[in-house]
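Single-structure report; data block below.
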Amino acid sequence: MSFASCSSLPPSEQWEHDVFLSFRGEDTRKTFVAHLHRELIRDGINTFKDDKALKRGASSPPLGASISPQLVSAIKLSRFAIIILSKNYASSKWCLDELVKIMECRDELGQTVVPVFYDISPSEVRFQKNSFAKPFSRYEEDFKNDTEKVHKWTKALSEAANLSGHDLHGSTYNGSVAI
């Protein structure tokens, strides 16, 4: 099976997971994501959370590396994607590659995407401001020979920021989010 496109699966075999969680581990893994994952599982929602792809301390793949075929498959086989956009989300090229694939699957498969703005505002994501600005300055330099990659990331972030989602900016997380 080719992982280049999201449309290679027949509709009847499309969904293996109810939800795919995309998140920046160092920001949210032990707090918000752990609680959200536990509650989704408790409610019988088959949820994919990638705990094994990144070794502890790894922040991004080497320049030019991309997410694994298994992760691409998990994204494609999920009916919903919940993207927890946190302050350091954009500092991970893997998170950005996941986001691009999620947005492709939204367009091609009708996957439902729900952004959660965790202690950031949608405009920071949409326009790559504040904590999103520094990594993108670096990416523009690192990928000056592959500007299309950076363009895909900025486009996916803008599209995600324009979706209806949940804003946990400036509030205290109370342990529940209605999805």
Could you tell me which numbered condition LEU40 fails, if it satisfies all but one of (1) at pLDDT below 95; (2) of a type outside the set (Ser, Thr, Tyr); (3) more than 16 Å from the chain's Cα centre (by Cα)?
-> (1)
With the checklist (1) surrounded by 13 or more Cβ atoms within 10 Å (Cβ to Cβ); (2) more than 15 Å from the chain's Cα centre (by Cα); (3) modelled with pLDDT of 60 or more in hand, flag the one item PHE32 doesn't pass.
-> (2)
Do you know which residues across region 112-135 are hydrophobic (A, V, I, L, M, F, W, C), buried (at least 18 other Cβ atoms within 10 Å of the Cβ) and in a helix (DSSP H, G or I)?
-> VAL125, PHE132
Considering (1) more than 11 Å from the chain's Cα centre (by Cα); (2) at pLDDT below 95; (3) within 17 Å of PHE23 (Cα to Cα); (4) crowded, with 17+ Cβ neighbours inside 10 Å, say which one ALA161 fails and leave the rest.
-> (2)
Return a yes/no flag: does region 49-61 have any residue that is at pLDDT 85 or above, in a helix (DSSP H, G or I) and either more than 17 Å from the chain's Cα centre (by Cα) or not acidic (Asp, Glu) (or both).
-> no
Out of region 77-92, which residues are charged (D, E, K, R) and within 12 Å of VAL113 (Cα to Cα)?
-> ARG79
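The values are calculated or read from the model by the stated rules, or taken from the named source; none is laboratory data. What you see is a predicted model; the values in this text were computed from it and never measured. Heads up, the Cβs are rebuilt from the backbone with ideal geometry, glycines too, and the neighbour counts pull from every protein chain shown.
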